[in-house]
Amino acid sequence: MLPKHSSAWASCWKTRLLNKQGLKVVSVLFILALNGCATPSVTDGLTAPRLPRDSVGWSLQGKAAVTQSDNGGSTVNLEWSRPNATRDHIRLSGPLGTGALEVFREDERLFWIDAGVQQPLDLLPLNGEAQAIMATLPLNLVSTWLMGYPDSPADWEVKITQWQILEGWQLPRKIEAYRGDISVRLVVLAWDFEERQ
């Protein structure tokens, strides 16, 4: 055993102290890093105003699960952007049989582009499961649901089951929609307002 006054003892304790301090510093930096990457606060929706219905310049990422009693269910990844009031760009990827699929909305028209030509959605070259998803999702209405307005004139019962606060706005995190034997569950994972005008 080393005497307490020896330099070896001091060096040993100094190393241990630095390791403990180093661990504390690393812990603090880790916590700060986690806060920088924190998920949005989830709330009951009573602490911030809703994003105005006519908002443009936003985009989001999420997931959609579609279930039909006679066809089982499917999940797709969802990217949605609204560059202006008359146009939406929707990218779906997952079990569609063709990889990623891009759909566009201009006013009330929904279409996809094939060799530079606008084509109606029913001409998409998809497998049966993907056709069922495209026929099921009311893509012309989903953007209003995503912005927090669950009203629907197309016989869909829509509920926002979880809200989040982002950049001072109350926004949906989880949405459920039902019509007959069809159910749609949407989870919004990330919002981006950088394009906001």
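The values are calculated or read from the model by the stated rules, or taken from the named source; none is laboratory data. Values in this document were obtained by computation on a predicted structure and should not be read as measured data. Neighbour counts are summed over all protein chains in view; Cβ atoms, including those assigned to glycine, are modelled from backbone coordinates with ideal geometry.
Residue 155 satisfies every condition listed in (1) closer than 21 Å to residue 91 by Cβ; (2) among the acidic types (Asp, Glu); (3) in contact (Cβ under 8 Å) with a residue 24 or more places away in the chain except (1). Listed by position, the strands (runs of 3 or more DSSP E) inside region 157-197 whose residues that are surrounded by 14 or more Cβ atoms within 10 Å (Cβ to Cβ) and β-branched (Val, Ile, Thr) number at least 3 are 157-166, 182-192.
Candidates 120, 40: the one that is of a type outside the set (A, V, I, L, M, F, W, C) and either closer than 29 Å to residue 180 by Cα or modelled with pLDDT of 85 or more (or both) is 120. If you check 46, 23, 34 for being loosely packed, with under 11 Cβ neighbours inside 10 Å, at pLDDT 50 or above and farther than 21 Å from residue 184 by Cβ, only one passes: 46.
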